[in-house]
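Asks: Sharing a structure below in structure tokens format, with a few things to ask.
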């Protein structure tokens, strides 16, 4: 049976060491197949929230469920399988410099045991789609920041994850490349992937009408399309919950 909610937080708090909580009393649920922007000022806790979602950290208090399973109750041996259902685009790329673009993108498929001929076909097609057809064998140190970001995004989506988390995925790109990659995210979402994109780009949010999760002072508010923390009513015709 498919999960109704991919993400469920109940009274979640997170602190580092003995410091004050960076996230507090976070409660929300995102339906399977939804698409949200994640916004907030620098230091608001966006990266911390994402780290809880891709299981890099555990909450200090409260409960987190992914795909209907409480993360506290998941046996350690089951975590790799759960993580394979999640695609992550990191702000600092996290590519392996000694591997080509093809081999970086192929990693999730190889870990999952796909046949090599299928891997090569799928990876080459995706890299060409994101504009890197001429750089299939290039290694990350030879690529620009935008090209590295494209490789990182291709790696995150190649396995068609059920949940895609992206931290400023278009931050190193020109407007044309950013729009192309947004179309890729939208297509994945149409096929059932739940998408959460952290961004400071208000133009991107206005161009693509999806609701937003907003963090401020460690707390979370969900705004429907057309509403924002700074301007309550942006697009009357686009408003939906």
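Asks: What about residue 208, is it at pLDDT 85 or above and buried (at least 19 other Cβ atoms within 10 Å of the Cβ)?
Replies: When the stated conditions are applied, residue 208 does not pass them.
Asks: I would also like to ask the following. Considering only the stretch 80-159, give the helices (runs of 4 or more DSSP H) lying wholly within it that have at least 1 residues that are modelled with pLDDT under 95, closer than 22 Å to residue 194 by Cα and touching a strand residue (DSSP E or B) at 6+ places or on another chain (Cβ under 9 Å).
Replies: Here the list reads 101-112, 145-157.
Asks: Turning to a different aspect of this structure: Residue 54 - would you say it is surrounded by fewer than 18 Cβ atoms within 10 Å (Cβ to Cβ) and touching a strand residue (DSSP E or B) at 6+ places or on another chain (Cβ under 7 Å)?
Replies: Yes, satisfied.
Asks: Looking at the stretch 186-205, which of its residues are exposed (fewer than 14 other Cβ atoms within 10 Å of the Cβ) and farther than 23 Å from residue 54 by Cβ?
Replies: Result: 203, single match.
Asks: I've got another one for you. If only one of 75, 59 is surrounded by 18 or more Cβ atoms within 10 Å (Cβ to Cβ) and either in contact with a strand residue (DSSP E or B) (Cβ under 6 Å, 6 or more places away or on another chain) or more than 24 Å from residue 149 (Cα to Cα) (or both), which one is it?
Replies: 59
Asks: Could you check how many residues of the stretch 61-99 are within 23 Å of residue 46 (Cβ to Cβ), out of contact with any helix residue (DSSP H, G or I) (no Cβ under 9 Å at 6 or more places or on another chain) and in contact (Cβ under 8 Å) with a residue 40 or more places away in the chain?
Replies: Residues flagged as within 23 Å of residue 46 (Cβ to Cβ), out of contact with any helix residue (DSSP H, G or I) (no Cβ under 9 Å at 6 or more places or on another chain) and in contact (Cβ under 8 Å) with a residue 40 or more places away in the chain within the stretch 61-99 amount to 3.
Asks: May I pose another question? Scan the stretch 169-185 for residues that are within 13 Å of the chain's Cα centre (by Cα) and either crowded, with 20+ Cβ neighbours inside 10 Å or farther than 27 Å from residue 110 by Cβ (or both) and jot them down.
Replies: 169, 170, 181, 182, 185
Asks: Which number in (1) part of a strand (DSSP E or B); (2) modelled with pLDDT under 95 marks the one condition that residue 58 misses?
Replies: (1)
Asks: List pairs: first in the stretch 167-185 and on the phi > 0 side of the Ramachandran plot, second surrounded by 20 or more Cβ atoms within 10 Å (Cβ to Cβ) and not in a helix (DSSP H, G or I), Cβ under 8 Å, 6+ apart or cross-chain?
Replies: Close Cβ pairs (under 8 Å, with a partner that is surrounded by 20 or more Cβ atoms within 10 Å (Cβ to Cβ) and not in a helix (DSSP H, G or I)) amount to 168/198; 168/199.
Asks: Which members of the stretch 43-55 meet the condition of being assigned to a loop (DSSP other than H, G, I, E, B), without any contact (Cβ under 8 Å) to a residue 60 or more places away in the chain and out of contact with any helix residue (DSSP H, G or I) (no Cβ under 8 Å at 6 or more places or on another chain)?
Replies: 43
Asks: Further question: State whether one or more residues within the stretch 17-26 are assigned to a loop (DSSP other than H, G, I, E, B) and either surrounded by 19 or more Cβ atoms within 10 Å (Cβ to Cβ) or under 19 Å from the mean Cα position of the chain (by Cα) (or both).
Replies: Checked against the condition, which is being assigned to a loop (DSSP other than H, G, I, E, B) and either surrounded by 19 or more Cβ atoms within 10 Å (Cβ to Cβ) or under 19 Å from the mean Cα position of the chain (by Cα) (or both), the stretch 17-26 yields no hits at all.
The values are calculated or read from the model by the stated rules, or taken from the named source; none is laboratory data. As the structure is a prediction and not an experimental result, all values here were calculated from the model. Cβ atoms come from the backbone with ideal geometry, glycine included; neighbour counts cover every protein chain shown.
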